[in-house]
Amino acid sequence: MSFRIRCLDCGHETPYHPLTINCPQCKSQWREALYDYDQAAAAFTQELPQRRFDLWRYREVLPIQKPNYDLYMGEGGTPLIRAINMGMMLGCPNIYIKDERQGPTASFKDRQAALTIAALKEAGITELVAASTGNVAISYSAYAARAGIKLWAFVTSLVPAVKMREIALYGSQVVKVTGSYDQVKQIAAEFAQQRGLYHDMGTRTITSVEGMKTIAYEIAEQLTEQLGKPEDGSRWRTPDWYIQSVSGGLGPVGVAKGFREMKDMGFISKIPGTIAVQAHGCAPMVHAWKEDKEQAAPVQNPKTHIETLATGTPGRSYGLLRREMKTHGGVFESVTDEEAYRAMHVLAKMEGISAEPASAVAFAGLFKLIRAGIIKNTDLVVVNCTGHTMPAEPLVLGSGWARNVVLPQQQEAQEKTEEEGLLAALSRVAPDRFPRVAIIDDTLDARRLVRRILQSQGEFTIFEASNGREGLEIVQRELPDLIILDLMMPEMDGFAVLDALKASPNTAEIPVIVSTAKELTGEEKSRLQGQIQALMQKGDFMSDDFLEEVKTLLK
């Protein structure tokens, strides 16, 4: 198959090899793959009807000499589902969901991993390094295991433990870094350089972009199959909008390239607008877009509990997407964590699709842009449901499955009291430090939720109390290693319990995490200062009232 690599900066073209990461002419790391598109178009026209519907269906426009079906695990070919109920609710009947949860590891990153690992295997490379917020390391781990390639997976310590365990389950070496994701990427790059190992660099990695573009090819074919050929005589149909949640921006960059290639080959007549949605607490691309800047300023301290989207430095990916949107239409938008959690509920209860929070960000963006009138009720929209990862059982791995790296400046930050979300706060409660935990909360559902979150992190002995007096008695009797205390309780509230705990030498030093569903006043926050380890907000997701969620959504 004929393909070559062209530098995006100087235009110099070279053959492809996975270990060649710089343009030999100008040293740029930003390059793209080009193909014989006439040959590809002819092959598609003649052979696609006989090929199975998966990633390798489009092999003429993939940077590999020959697909290795010994590595095949069913990558690509995910369903395109019409969101009938949600579309009816929103008054926008033509909403489709590209269900990437149905890949081999339940994530759209399987496309990136499948193609990259195949290229490494073809080149005889046996070891690689990848930085990840979760899903990409899981995908790489699965395919690397199948190919007999060793993976060093560098992850931030905020990545949910269930994802870390799944990475380790495949036999990858997990390196857990106590720092931001951007710091993790830097450490991974230095490690790979020191050892001379292949290093996945996201949007700068040829195979990563090329794997993602197959989403576009599949969408065009699937829309045509479901809706028929467009009236303008084109072979395939495209949506008006493609929507995806983004961290570093790799997915939409690849998808946009796929649509451009199809248009160049004459298969489609229009390229859809791209909508990239970020978490509000880490939205450097959104800020730059709304200020019409050509470069995105880094977000040094992401403030989102959706850790898989906490990339504060998007680099050149923003510029590539900005140019795409300026040319073919599109927008960057952000949503709050609470809006994403609400979208998770709506998606699951209306369409039967359970998505992880990072996926839900895209749907929250859809709701927001429909309300704003940017997406019209006649528009054809495809939303990428990027993933839903299942947890690995803790007992399968035992201890010692991860190596820890704590950056010096992070040690002090860990000791500060922060206001944070329930899931993020509890994900850092480790059973080796706090084996015995007391939960004091008058709401049964709240206690149940906290207990489930803790149990997902490991083996704990948990004591529960439904009011402050009962909780104080349990603490004094059992002397737990950690207390999770609700502030708003009848009879004896959390403030009174806290005062009693601090007054007794036996309980004064027990760490306390305070939870609250209300906005605290300045005076209330002052009362807690120096007395607790963390203040966590329960958030709207504690509510199970679906009608209220829908009413809020439609306001």
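Values computed for the structure shown
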item	result
One residue from GLU549, GLU524 being in contact with a His (Cβ under 7 Å, 6 or more places away or on another chain), modelled with pLDDT under 85, not in a strand (DSSP E or B) and not basic (Lys, Arg)	GLU549
Pairs, first more than 12 Å from GLU210 (Cα to Cα) in segment 248-269, second at pLDDT below 95 and in a helix (DSSP H, G or I), C-beta under 6 Å, six or more apart	GLY248/GLY202
In segment 188-216, the residues that are among the charged types (D, E, K, R) and over 30 Å from ALA256 (Cα atoms)	GLU190, ARG195
Test: residue in segment 42-51 that is part of a loop (DSSP other than H, G, I, E, B) and either at pLDDT 95 or above or under 30 Å from SER354 (Cβ atoms) (or both)	yes
Some residue of segment 106-120 being in a loop (DSSP other than H, G, I, E, B), under 30 Å from GLN193 (Cβ atoms) and not small (Gly, Ala, Ser)	yes
Test: residue in segment 41-53 that is buried (at least 18 other Cβ atoms within 10 Å of the Cβ), over 19 Å from THR205 (Cα atoms), aromatic (Phe, Trp, Tyr) and more than 26 Å from the chain's Cα centre (by Cα)	yes
Subset of segment 315-338 [crowded, with 17+ Cβ neighbours inside 10 Å and either without any contact (Cβ under 8 Å) to a residue 40 or more places away in the chain or farther than 23 Å from LEU369 by Cα (or both)]	GLY315, ARG316, GLY319, ARG322
Segments classed as helices (runs of 4 or more DSSP H), wholly inside segment 415-500, with at least 3 members that are aliphatic (A, V, I, L, M) and at pLDDT 90 or above	468-478
Criterion (free of Cβ contacts under 8 Å to residues at least 60 places away in the same chain, at negative phi and in contact with a strand residue (DSSP E or B) (Cβ under 9 Å, 6 or more places away or on another chain)) met by exactly one of ASP99, ASP36	ASP36
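The values are calculated or read from the model by the stated rules, or taken from the named source; none is laboratory data. In this text, all values refer to a predicted model and were calculated from it rather than measured experimentally. Backbone-built Cβ (ideal geometry, glycine too); neighbour counts: all protein chains shown.
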